[in-house]
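Each value in this text was obtained by applying a stated rule to the coordinates, not by laboratory testing. Quick caveat: nothing in here was measured; it's all calculated off a predicted structure. All Cβ positions, even for glycine, are placed from backbone atoms using ideal geometry, and neighbour counts span all protein chains on display.
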Protein chains: 2
Amino acid sequence: MFKVTVRNNEYSKVYTTNKGKNLLDLLRENGFYIDSPCNGNGTCGKCRVKLILGNNSSARAEEIKVLGREALESGYRLACRYHINSDIDISIDQNDLQAKILTESIQRSIELNPLVTKVYNVLEKPALGNSISDYDRIIIGEFNDNPFHLKNLELLRSLHDVIRKENFQVTLVIDSSDIIAVEPGNTVNTLYGIAVDIGTTTIAAYLIELTTGKKTCVTSLLNPQKAFGADVISRISYIMQNEHGLEHLNTLLVQSVNICVAMLCKQAGILPADIYAMTFAGNTTMQHILLKVNPSNIASAPFVPVFTSVVKVKARELSIDINPNGTAYFLPGVSAYVGADTVGAVLTVGMHRQASTSLLIDIGTNGEIVLGDKDGMYACSAAAGPAFEGANIKNGMGSVNGAINSVSLKHGITFTTIGNTKPLGLCGTGVVDLLAELLEVGIVDETGRIDMAWKPDSPEQEALCERITSTDGVNSFILCKADETLSGSEILLTQRDIREIQNAKAAIAAGIRVLVKNAGIWFEDIKNVYLAGGFGSYINIDSALKIGLIPVELEGRIISVGNAAAQGAINVLTSKALLPVAQEISKSIIYIELSNSKDFNDYYIDCMTFEQEI
Amino acid sequence: MFKVTVRNNEYSKVYTTNKGKNLLDLLRENGFYIDSPCNGNGTCGKCRVKLILGNNSSARAEEIKVLGREALESGYRLACRYHINSDIDISIDQNDLQAKILTESIQRSIELNPLVTKVYNVLEKPALGNSISDYDRIIIGEFNDNPFHLKNLELLRSLHDVIRKENFQVTLVIDSSDIIAVEPGNTVNTLYGIAVDIGTTTIAAYLIELTTGKKTCVTSLLNPQKAFGADVISRISYIMQNEHGLEHLNTLLVQSVNICVAMLCKQAGILPADIYAMTFAGNTTMQHILLKVNPSNIASAPFVPVFTSVVKVKARELSIDINPNGTAYFLPGVSAYVGADTVGAVLTVGMHRQASTSLLIDIGTNGEIVLGDKDGMYACSAAAGPAFEGANIKNGMGSVNGAINSVSLKHGITFTTIGNTKPLGLCGTGVVDLLAELLEVGIVDETGRIDMAWKPDSPEQEALCERITSTDGVNSFILCKADETLSGSEILLTQRDIREIQNAKAAIAAGIRVLVKNAGIWFEDIKNVYLAGGFGSYINIDSALKIGLIPVELEGRIISVGNAAAQGAINVLTSKALLPVAQEISKSIIYIELSNSKDFNDYYIDCMTFEQEI
């Protein structure tokens, strides 16, 4: 048997294996995602690893060809060609794994050590001469030294009945070093948690089986607070102007969370009482509202939230219908506008551990941007407004059935809709795609103006001419005619819509530049660009570059990472060691206030146009 | 200037003083109670201290005479004769101090370090560039590292308004390392706590100013649960037989505690919101009922309580009307029948720190007995019944106005009543006094029988003859005739009453013997006997010895220590370091179950008679 030590930025792990084992097979069997398009034929070179210690003598012809002598001499080998015949110590380059690691391997590499665990305990039965209290009886053994203070009244009140119900066999539910509940009998196999990302627009909830770390099911809802405005400022205004505004918005949010809990329980066939932990990511305002904490000062300078640290409370204190002894953990945030969602996303993409510089862009109603590496990070929040979520756009809509989510004008007018229905409107990705295409063909010029006098370059473009129109003094491009749509009304992109997008993209682009300047680096120094959030995940990256949302200099390094904020909440739920890591991230990120920044204003004006700077 | 180091079992302290200072004066000025009946004249020898280091050369004639050469050579000196002319290191024998220390010096020697403290904090005001959260703003400085988790929802919800109310000047309220509340402005001088002893019969509450440790005022109430039986067994039966029995008795107790809080606040002119901590001593059943925890198993073998450890909960979780963020601490107990009241009493008398053996007897409805020293303690609970509290006695009553509390038959029949009113009945001390006197004159014989054929020894006793009577077959002694009493009815001690007292005193006396046997010691080894509780404090010690409640061998070593349980709760309130000490005491006491003890049954029968064993 040989020992194989696998290292990367994050950890090192040791495996044992038989002589002759193929290294790529070993890594895959142990949950590493190794890209190998040639399927282990030694031709693509993607499975290269660096041999730090061990037998580096017998490089194969394929390796010499694919890696080159220099790389071989530095210790690089192809995992697919390497057969283990000594103890070895290898390093896997984090960056080589990232393209896929985000949805698979990072999750896999997290050690399962959930916030809440269960322990089964067969108690000694009371007798004369063994009449210690019920509580002392359950804490015999590993929990003997703690807790010093009994704090859990609910537990004390139920203990008498619970331990006698299954003849002194009990299951302890442990959260940190506290026994938060005791269940009769052996229930160690039934233990669930829920991770929730509360966005200004949508709420997404994930049921996680804490005994395995498995994502059991997922659900989402629109945030019912939408009726009180699309952005956090409108919500806060409502709270400030109405005596019971906070209670009202809190109740709506709690109800939505409870609906998610009920839906997840129904899908999975479990009971709310089986759920003992919840983690919440979400922007700072939503965290405040869910905790019924006054967010007023978030709305005006100097933008002071009441809290940004980790909050840990009983779920029942928030009227959330999981087990009454269950705990609700709130991920920490950075500032009023860089919230726990951003910290969750940083945790997910792992940029706080990486030696190379990463840029994270989470575009929701605001655009939170983080730039940095393991030695430090800067963050800002660009007030993009909700245009990318389809709001404030004449025919804009959320990413639901009927929304046009991609557009091409290359061969006439073609588009796709979510759900493949007749179109009803444009979601954010559709708007960006359409605008990018209009810029490409020249119907919209570099200043963002619709050129009413536009002339086609080719016969294929002629059909576009009739789509350029002006109604009540507002110039527009008609994407769909009335008879093509579900509603029977035209779907337009107006001059005003384009201005909204211009403002939004200029804010994000300028925010990126401010961080780059603060960090004292160049665009070339950024090795990875992570696009997070629903919009970020589904956007056509070419279109985003075309409209200047992301600097063109970053082309080729952009990865969509899905709902990284929610994944951060899931990761904390399944690995409690990440909670202090999240706290550390939240404290170490340097927040740059853009409203106070002359640079931002200058860049913002520069970024308003659609000129390509390269 | 010289340094004087004073040591005892408990601590060492260093004082500085000028050359020539009298040692007794120095000790007294620093709060040590040193008994000195001769008032510093060097004749009584009570102020002796042991010189460990320092000038031992110039013993005076008085010291040689009073202490003897041997003691002098061992380093003993009279403090009143010793003038400091070098650095010295002295030891004060704890036992020398005890007679008075219980009501004065133990309290004085406790360092004021209350469970809850306040800190005034002038915060930096928010500004652009200083927009950290409200919570991070208040924890700047000494609290910066903790707590990692925000747990206090009430505090988070009020923080926004509180810190702005007095222009960013706040007072933090600290409990352990947690900030439990924040008040606007500087309120450090207003901080109170309440210590409560919940007895089966009475509830006593003490308001303590936590900034000084001063006992501000005291109040007490009868436990309204008395309507459900005089002892804990009756209360538990009620709970077991009635669906909402526990809720009902809990409500009665919480109401009484709230009445005490209100009365104390009114007396002191403070607000309930000024009270941030409460400590509760009380027997195990009362602790369970106040926490609304099922006490059923306390009533039957093997007598298993739900908890005996320290409990720490928010007062509002118990519906107790102090500050909503205030904390309720429950002192720990030992077993079903040796409760937190006993642990509190041990803490007060300090027997857990003493090298010599002590016996503590706390006589309430049950008699809890503790025997031991710093190396170990045994405890038991003797089911004396409520006879000593005046219950189950024909004309018995509590210690309130009109109760006969002392009796003499030496010169005719004389007695005193509480409040100096006409008599209404007999309280426990009156019953014991009367019985001791009847034994003395021979009207009651050694077996406890009223001698209906009794003849007086002297003319003075002749008046007693007519008081010996028999009604409906029950023999009695008439203490007061109908026309002498407040009610217009005779006050009798019946043969049945005497049997009650015999049972009760036999239980206590046998319990003492069981502990002595378990400890493997003799009565002579017991250096201090502490009588705690209301009955123990007011009882005529000679009468207690006469009826055999306390073994006559212990005569001369008996000290009444008042409500030592309540004093224990006060001590914990004012010195948080005593909470882990109390927990340690509760865990180290070895509980002896008497219902399981053949020895107890044997001793019990032996102790039924009124024979004096010496």
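Per-residue mean of foreign Cβ neighbours for A:123-135 is 5 (Cβ atoms of other chains, 10 Å radius). Partners of residue B:598 within straight-line reach, counting lysines whose Cα lies under 30 Å from its Cα and excluding those fewer than 8 residues away in the same chain: A:125, B:374, B:505, B:517, B:527, B:546, B:587.
Pull up the DSSP beta bridges for the range B:202-358 and report the antiparallel fraction as a percent, rounded to 5. Here the antiparallel bridges make up roughly 75 percent for the range B:202-358. Could you work out the percent of alpha carbon pairs in the range A:388-500 separated by over 20 Å, rounded to a whole number? Tail fraction, whole percent: 33. The 3J(HN,Hα) values that the Karplus relation (6.51, -1.76, 1.60; θ = phi - 60°) gives for the range A:71-78 are, in residue order, 5, 4, 5, 7, x, 6, 9, 8 Hz. Gly and Pro appear as x.
For residue A:279, nonlocal amide neighbours, meaning residues 5 or more places apart or on other chains whose placed amide H falls under 5 Å from its own, are A:194, A:195, A:196, A:329. Check the straight Cα-Cα distances from residue B:410 and name the aspartates and glutamates below 15 Å, setting aside those fewer than 8 residues away within the same chain. Straight-distance partners of residue B:410: B:433, B:437, B:440, B:457, B:460, B:462, B:542.
Counting only other residues whose beta carbon sits under 12 Å from that of residue A:342, what net charge do I get with K and R as +1, D and E as -1? Around residue A:342, the surrounding residues sum to -4.
The eigenvalues of the Cα gyration tensor, multiplied by 5 and square-rooted, give chain A an equivalent ellipsoid with semi-axes of 45, 35, 22 Å from largest to smallest. The range B:477-553 and the range B:395-438 have Cα centres spaced 14 Å apart. Pairs from the table (B:19/B:214; B:215/B:312; B:215/B:394; A:151/A:576) lying more than 27 angstrom apart at Cα are B:19/B:214; B:215/B:394. In the assembly of identical copies, residue A:445 has its label point, taken 7 Å from Cα in the direction of the beta carbon, separated from the corresponding points by 13.1 nm (ascending, one decimal).
Proximity of backbone amide H atoms, modeled 1.01 Å from N, is registered between residue B:492 and B:395, B:479 at under 5 Å, excluding neighbours fewer than 5 places apart on the same chain.
In nanometres and ascending order, the distances from the residue A:68 label point to those of the other copies are 10.0 (point 7 Å from Cα along Cα→Cβ). Bridge orientation summary for chain B: considering DSSP beta bridges with both residues in this region, about 70 percent are antiparallel. Here the protein assembly as shown is described by how far its Cα atoms reach on the three principal axes: 144, 70, 62 Å, from widest to narrowest. Here is the size of the range B:192-330 from its Cα atoms: Rg then Dmax, 15.0, 48 Å.
Whole-Hz Karplus values for the range A:461-472 come out as 7, 5, 4, 6, 3, 5, 7, 8, 9, 9, 10, 6 Hz, taken residue by residue from phi with 6.51 cos²θ - 1.76 cosθ + 1.60 and θ = phi - 60°; glycine and proline positions read x.
Once backbone amide H atoms are built at 1.01 Å from N, residue B:180 has B:173, B:174, B:175 as its partners under 5 Å, excluding neighbours fewer than 5 places away on the same chain. Helix-only arithmetic for chain A: the sum of -39500 (n - 2.57) across DSSP H runs with n ≥ 4, divided by the residue total, places the mean residue ellipticity at 222 nm at -9000 deg cm²/dmol.
Residues in the range A:516-528 carry Karplus couplings, in order, of 4, 5, 4, 6, x, 10, 10, 3, 5, 6, 7, 8, 9 Hz; the curve used is 6.51 cos²θ - 1.76 cosθ + 1.60 with θ = phi - 60°, and Gly or Pro positions show x. About its Cα centre, chain B has a charge dipole of approximately 1560 debye under the convention of +1 per Lys or Arg Cβ and -1 per Asp or Glu Cβ, with nothing else charged.
Please give the net charge around residue A:226, taking every other residue with its beta carbon less than 13 angstrom from that of residue A:226, where Lys and Arg add +1 and Asp and Glu add -1. Its environment carries a net charge of -1.
When each copy gets a label point 7 Å from Cα toward the beta-carbon at residue B:488, what are the spacings between them in nm, shortest first? Going from nearest to farthest copy, the values are 9.9 nm. For the range A:366-436, a Kirkwood hydrodynamic radius built from all Cα pairs, placed in the Stokes-Einstein relation at 37 °C and 0.692 mPa s, yields a translational diffusion coefficient of 242 µm²/s.
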